[in-house]
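No lab work stands behind these numbers, since they all come straight from the coordinates. Treat the numbers as computed from the prediction; the structure is a model and nothing was measured. Please note: Cβ atoms are built from the backbone with ideal geometry, for glycine as well, and neighbour counts cover all protein chains shown.
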Amino acid sequence: MNSLVEGKGVGSALIDAVKKVTTQFKCERLWLITTNDNTKALRFYQKMGFVLVAVYRNALEQSRKLKPEIPLTGHDGIPIRDEIELEKIL
Ligand SMILES: CC(C)(COP(=O)(O)OP(=O)(O)OC[C@H]1O[C@@H](n2cnc3c(N)ncnc32)[C@H](O)[C@@H]1OP(=O)(O)O)[C@@H](O)C(=O)NCCC(=O)NCCS
C-alpha cells in the first residue's frame, strides 16, 4: 500500500477496493505485514479494523539477505527490525 498523497482518503479507498475483491472471492481473512518503525501504518490499519496477530522479531535480517537495499533506519529514526502481522476477519 502506498497512498502517494496521504491523509486524503486514498488509503481507506484502497482498503475498500481490496475488501470488494475479497467479498467477490469469498475470502475469510485479510492479512498484511508492516514493519516495527511504521507507526503511521500501524495506526491506520488498526483504525481500519485490523488487529495485531504476530511479531516476527528480527525478520528484516532475512529480508535484507534478499534485498540488501532495505535501510537500517526507518520512520522517525526507528531501527527497522521486526515484521508485524495484522489481520481483519471478514
Ligand atoms: C499508511 C497509509 C497507507 C495510510 O494511507 P492514507 O491515504 O494516508 O489514509 P487515509 O487518508 O484514508 O486516512 C488517514 C487519515 O486521513 C483522514 N482523512 C481521510 N480522508 C480525508 C480527507 N478528505 N481530508 C482530511 N482527512 C482525511 C482519515 O480519517 C484518517 O484520519 P485518522 O488517522 O485520524 O483516522 C499511508 O500513510 C502511506 O501510503 N504511507 C506510506 C507507505 C506505507 O507505509 N505503506 C504501508 C506499508 S505496510
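For residue 76, the test of being on the phi > 0 side of the Ramachandran plot and either within 15 Å of the ligand (Cβ to nearest atom) or out of contact with any helix residue (DSSP H, G or I) (no Cβ under 9 Å at 6 or more places or on another chain) (or both) is passed. Remark: pairs (first residue in the stretch 1-29, over 20 Å from residue 43 (Cβ atoms); second residue assigned to a loop (DSSP other than H, G, I, E, B) and more than 6 Å from the ligand (Cβ to nearest atom); Cβ separation under 9 Å; 6+ apart in sequence or on different chains) = 21/27; 22/28; 22/90; 23/90; 26/90; 27/90; 28/90; 29/90.
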